[in-house]
Amino acid sequence: MSERILVIKLGALGDFILAFAPFQAIRRHHPKAVITLLTTAPFEPMARASGWFDEIWIDARPRFWQIGGWRALGRRLRGARFDRVYDLQTSDRSGWYFALFGNDRPEWSGIVRGCSHPHRNPARDRLHTVERQAEQLVAAGIPNVPLPELGWFDADVTRFPLPRRFLLMVPGGARHRPAKRWPAERYGELARRLAARGIPPVVIGGSEESDAAAAILAACSGAVSLIGGTSLLEVAGVARRAAAAVGNDTGPMHIAAAVGCPSLVLFSAESDPALCGQRGPIVTFLRRPELRALAVDEVEAALRLR
């Protein structure tokens, strides 16, 4: 009977992208296993396209009071008869999932008390996500966690009106953390300058970024807005074709960096690139305590166009 492996990674988007190397390493370490990913719905298409998983379960993330949801999840976890679990979420929630196995627990890589393969580094929270997860896998017997091969991370983007050469702009971010956003009018001024050099911007993001996109389009008539119109795989496809990408510390910039687009990421004091910064072959960070203190001249000078 094939070995059965469960990998837990629920999100957020940037964290999911940073887990690509561990996903690949787990697949290579268990080449004949049936590997199941427990994740959330937004990441299912990427997970299927990767080829790293045989099964994908969507976690409904039951609330504390949803007893039926917890019971159903527990029955499903126990019924799968997993031999080993790689908990790459290492959150309180994934720790509760450990408890759902009861006394018949599989081998478990993570940090929950009582697990068979704990990551015991007391400084783990001061490590970048990539190094922290690599250490965790070493503790579980996977010594090599190389950079992921991402030839699959692409999409047909011919339906989009992409200029021949363009700058990818990602002006959004979590609405509840406005300090992580460089002002939209600065993006607009940068867009105007780059368009004058023959490199108009293509703006991506969710529908909540429509105001920022409108400000950019008002400042630069040659800008193209794809706000609310791209899947995550299509974001990768657009980024692969861009001259460079510039944006706030948000999930789509992790995608751009991962697929090799020269990426300039703008950080405030709200997050630290030493802990969660984007990874890729050509990534530059600009960080200020407050992003409104970051001048357009500085951002333009830091762009690395191809």
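Values quoted throughout were computed directly from the atomic coordinates according to the rules given, and no laboratory measurement underlies them. Since the structure is predicted, the reported quantities are computational estimates derived from the model, not experimental observations. Every residue, glycine among them, receives a Cβ derived from its backbone with ideal geometry; neighbour counts consider all protein chains shown.
Here are a few things to note about the model shown:
- Where trypsin sites (Lys or Arg not before Pro) fall in DSSP loop in segment 48-133, at most 12 other Cβ within 10 Å: R63, R81, R113, R120
- Global geometry of segment 1-57, whether rounded, prolate or oblate, following the gyration tensor of its Cα atoms and the 1.5 cut on a/c: prolate
- Couplings for segment 177-185, taken from phi via the Karplus curve 6.51 cos²θ - 1.76 cosθ + 1.60 with θ = phi - 60°, read 10, x, 5, 8, 10, 5, x, 4, 5 Hz in order; Gly and Pro are left as x.
- A Förster radius of 45 Å, combined with the Cβ-Cβ distance separating N144 from R197, puts the computed FRET efficiency at roughly 0.55.
- Residue-wise HN-Hα coupling along segment 266-277, computed from phi with Karplus coefficients 6.51, -1.76, 1.60 (Hz; x: Gly, Pro): 9, 10, 9, 5, 5, 8, 10, x, 5, 9, 9, x
- Dipole-positive endmost among Q24, A47, S94 within segment 4-139 (Cβ charges, Cα centre): S94
- Cα-based shape type of segment 193-306, given that a ≥ b ≥ c are square roots of the gyration tensor eigenvalues and the cut on a/c is 1.5: rounded
- Put a dot 7 Å past the Cα of R292, heading toward its Cβ, do the same for D83, and the two dots end up 5.8 nm apart.
- Label-point gap, in nm, between A12 and S221 - each point 7 angstrom along Cα→Cβ: 3.7 nm
- Computed extension gain for R306 through H176, at 0.36 nm per residue and net of the alpha carbon distance, reaches 43.4 nm.
- Among F20, F53, F64, residue whose mean-square fluctuation peaks in a GNM of the chain (springs only between Cα atoms under 10 Å): F64
- Segment R61..F160, full-extension length gain: 32.2 nm, with 0.36 nm per residue of separation and the alpha-carbon distance subtracted.
- Helix axis angle, 67-79 relative to the chain longest principal axis, alpha carbon, degrees: 70 degrees
- Near the amide H of G172, within less than 5 Å, lie the amide hydrogens of N248, all on another chain or at least 5 residues away, with H placed in the peptide plane.
- Mean residue ellipticity at 222 nm, helices only, the chain: -10000 deg cm²/dmol; runs of at least 4 DSSP H residues each add -39,500 (n - 2.57), and the sum is divided by the number of residues.
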